[in-house]
Amino acid sequence: MSDQAHLNGAYYGPSIPPPARKPRSYHRPSRGGGSCNPFSWCFSCICGCVFNLIFQILITILVILGIVVLVFWLVFRPNAPKFHVNEAVLTQFTLSNDNNTLYYDLAVNMTFRNPNRRIGIYYDRIEANAEYHDQRFATQNLDTFYLGHKKEKDVGAVFRGERVLANLDGRDRSDYNSERTGGVYNVDLKLKLRMRLKVWWAKPKFKPHFECDLRVPMSSGGAVSSGGFQRTKCDFDW
């Protein structure tokens, strides 16, 4: 103890570090001034509910329409109208050499048939067009009529006259000469229709058409070449 009496109480060891300070908490400022806007929250909630309601309504409408179409098909079993060309008589089909004038005399007998058991058909307009190499050379407006369930009707049309086919080229002329040699001509018959379907009280309207690719033999003096005309089924397109 006596040996340390001369010490004055001073400390000569390594420096003592100061006590560690507690880190300050950092608060990130929130957007919008740090406060929640109840009006924007309510608006977004209402918009979400409205869109969800609209989506559910659309889904419901589509489901109902699908059920209605299915029931309609099961009850009525709709079938497309049928159309045939039974006979075609060609007594003149001459194409001039100088100005491509076609002289024609074509008589056609057709059959309209309604294959449906519960649907009637009103033919409000029937426009019959005769074409050769995609060029129309004659048009006839046929009489309108109503065709009941499982009924059919025969209709005749006569195309007679002359027409300049201005767009015929050398290949078309070669095809015509070949057909004249064989005695059978490729004539197209196209019908543009305006019709209504009678379904109970409803009468929906449509504008379909028939297309017929005919091979018509030339008739001379009552005799028809190449074995006569073959009954032809025509295509129906809505």
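The phi-based Karplus calculation (6.51 cos²θ - 1.76 cosθ + 1.60; θ = phi - 60°) puts the 3J(HN,Hα) values of segment 137-147 at 10, 7, 9, 9, 9, 8, 5, 8, 6, 10, 10 Hz, whole numbers, x for Gly and Pro. Considering only alpha-carbon pairs that sit under 8 angstrom and 6 or more positions apart, the relative contact order computed for segment 89-167 is 39 percent.
The mean sequence distance of close C-alpha pairs (under 8 Å, at least 6 residues apart), as a share of the length of segment 121-168, puts its relative contact order at 38 percent.
Modelled spin-label separation between residue 186 and residue 207, with each label point placed 7 Å from Cα along the Cα-to-Cβ direction: 2.9 nm. Taking only the C-alpha atoms of segment 86-238, the Rg (one decimal) and the largest Cα-Cα distance, Dmax (whole number), read 17.4, 58 Å. Three principal axis extents describe the C-alpha atoms of segment 55-146; from largest down they are 70, 32, 18 Å. Students often forget the sequence filter, so: which lysines lie under 16 Å Cα-Cα from residue 190 once same-chain residues fewer than 8 apart are removed? Answer for residue 190, where 16 Å is the Cα cut-off: 82, 207, 233, listed by chain and number. Each peptide in 197-209, 85-97, 132-144 gets a packing score, the mean of other Cβ atoms within 10 Å over its residues, and the list from highest to lowest is 85-97, 132-144, 197-209. Taking every alpha-carbon pair under 8 Å whose residues sit at least 6 apart, segment 59-209 reaches a relative contact order of 24 percent. Here the Karplus curve 6.51 cos²θ - 1.76 cosθ + 1.60, taken at θ = phi - 60°, turns the phi angles of segment 203-218 into couplings of 9, x, 9, 9, 10, x, 7, 9, 10, 10, 9, 9, 10, 9, x, 6 Hz, with x standing for Gly and Pro. Shown here are the Rg and Dmax of the Cα trace of segment 108-184, at 17.3, 51 Å.
Derived scalar couplings between HN and Hα for segment 91-98 equal 9, 8, 7, 10, 10, 5, 7, 8 Hz in order, rounded to whole Hz, by the Karplus curve 6.51 cos²θ - 1.76 cosθ + 1.60 (θ = phi - 60°), x for Gly and Pro.
Where a number appears in this text, it was derived from the coordinates with a stated rule and is not lab data. In this text the structure is predicted, and so the values were computed from the model without any measurement. Note: ideal-geometry Cβ built from the backbone for every residue, glycine included; neighbour counts use all protein chains shown.
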